[in-house]
């Protein structure tokens, strides 16, 4: 298995580390908060990402922060766990884990998996039970993020397994990562800052219209979907939380989802490869779930809890931002696909509280329910790259095309 120093130049590794630190600071600063010395940053990393993890550790130490470095279990150990674990072991919480998450101020995830399908023989019910049992981690971090106490970012590095799944050589995959993250730019951090400013203009335009929009209608060769933004919403994105990330997204009122959505990009999740996923929504829920590949797994995921078959996110990517023009067999890159027509993606499952257009402390659990913010242990991004038109249906009966030919119409 190649490690990052064999794939990236030293300059690219340094640029990568700088961009991730920018992403972390930007994410934390969304609510006007900055990191303080002696705060704790958790850095889980796959073994193939050790070189980048080392660069990250140095930068965190130089900033006076406390890096908590954790190597993630190799695929073989993960397979052993799900093969052998009984019910009690699946839901077991390691002593101190809740305390750790309640004392985190930052998170930088470095994913570089040695396999994408190592759990394909595992019962989907086991995977779902484990996800539900660990939902508490996301709830703790979401609460801290809403209070401005936590910021996060993550990225994905090349491995032979991912490159093979994408139909690329490792070198081709690596160059795509370099291009997508602007690691070969003379000033990568400055360029990310420039793109963020440009995206802010789009968000202002979209958010100024939102109070007057009743629904979005998404049309492509295989998609005919109505999404209801809901009350007190705002589009967000370019906030540093993913590197790369070019999407602008909203967590809609799940109750207003109607019609058909189709993911033309395959999706790798929990050691499974699913493709040709087609969802038919009625009264907000996916009432018909189909897939050309691994349909049983897809149905298992979308029934893991009450909210798993409802929308938690609606997103659009503009080709003027994204340099990604190849399938990467990884959601982080694929949900930001640019190519010829950009992409739309929806996520079934958990919604994002930062798309609430109000003070974070106002968004209580009861308020989330009232406004139609979805709750689930699942968050599964499903990507469509077909040429599409997105029309805003206005409350006064008018219609405005906001996205066409891969670009926002602003």
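Touching a residue at least 12 places away in the same chain (Cβ under 8 Å) and closer than 24 Å to residue 203 by Cα: which single residue out of 264, 305, 294, 253 fits that description?
That would be 253, the only listed residue that is touching a residue at least 12 places away in the same chain (Cβ under 8 Å) and closer than 24 Å to residue 203 by Cα.
Quick grid of which residues meet (1) out of contact with any strand residue (DSSP E or B) (no Cβ under 9 Å at 6 or more places or on another chain); (2) crowded, with 19+ Cβ neighbours inside 10 Å; (3) closer than 19 Å to residue 259 by Cα:
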| site | (1), (2), (3) |
| --- | --- |
| 351 | no, yes, no |
| 366 | yes, no, no |
| 370 | yes, no, no |
| 374 | no, yes, yes |
| 383 | no, yes, yes |
| 388 | no, yes, yes |
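Just give me the residues in the range 204-236 being part of a helix (DSSP H, G or I) and in contact (Cβ under 8 Å) with a residue 24 or more places away in the chain, in sequence order.
Here is the first cut: in the range 204-236, the residues part of a helix (DSSP H, G or I) are 204-212.
Listed by number, the residues that qualify are 205, 206, 207, 209, 210, 212.
Among the candidates 26, 54, which residue alone is without any contact (Cβ under 8 Å) to a residue 12 or more places away in the chain, in a helix (DSSP H, G or I) and either under 20 Å from the mean Cα position of the chain (by Cα) or surrounded by 13 or more Cβ atoms within 10 Å (Cβ to Cβ) (or both)? Don't jump to the end; show me each part of the working.
Details: 26 fails: without any contact (Cβ under 8 Å) to a residue 12 or more places away in the chain.
Of the residues listed, the single one that is without any contact (Cβ under 8 Å) to a residue 12 or more places away in the chain, in a helix (DSSP H, G or I) and either under 20 Å from the mean Cα position of the chain (by Cα) or surrounded by 13 or more Cβ atoms within 10 Å (Cβ to Cβ) (or both) is 54.
With the condition being more than 28 Å from residue 294 (Cβ to Cβ) and within 20 Å of the chain's Cα centre (by Cα), I'd like the helices (runs of 4 or more DSSP H) fully within the range 70-177 carrying at least 2 qualifying residues. Spell out how you get there, then give the answer.
Working: elements: 75-84, 87-90, 97-102, 124-133, 135-146, 160-166.
Answer list for the range 70-177: 135-146.
Only one of 275, 267, 285 is in contact with a strand residue (DSSP E or B) (Cβ under 6 Å, 6 or more places away or on another chain), within 20 Å of residue 75 (Cβ to Cβ) and either in the same structural domain as residue 312 (by TED's automatic domain parsing) or surrounded by fewer than 18 Cβ atoms within 10 Å (Cβ to Cβ) (or both); which? Quick ask: steps written out before the conclusion?
Details: 275 fails: within 20 Å of residue 75 (Cβ to Cβ); 285 fails: within 20 Å of residue 75 (Cβ to Cβ).
When all the criteria are applied, what remains is 267.
Criterion first (assigned by TED's automatic domain parsing to the domain that holds residue 155, touching a helix residue (DSSP H, G or I) at 6+ places or on another chain (Cβ under 7 Å) and closer than 26 Å to residue 299 by Cβ) does residue 110 satisfy it?
On the way: assigned by TED's automatic domain parsing to the domain that holds residue 155: yes; touching a helix residue (DSSP H, G or I) at 6+ places or on another chain (Cβ under 7 Å): yes; closer than 26 Å to residue 299 by Cβ: no.
No; evaluated as a whole, the condition is false for this residue.
Consider residue 63 carefully, then state whether it is more than 24 Å from the chain's Cα centre (by Cα) and either surrounded by fewer than 17 Cβ atoms within 10 Å (Cβ to Cβ) or at pLDDT 95 or above (or both). Give the steps one after another, and end with the answer.
Working: more than 24 Å from the chain's Cα centre (by Cα): yes; either surrounded by fewer than 17 Cβ atoms within 10 Å (Cβ to Cβ) or at pLDDT 95 or above (or both): yes.
Criteria met by residue 63.
The values are calculated or read from the model by the stated rules, or taken from the named source; none is laboratory data. This is a predicted model, so every value here is computed, not measured. Cβ coordinates were reconstructed from backbone atoms using ideal geometry, including for glycine residues, and neighbour counts include every protein chain displayed.
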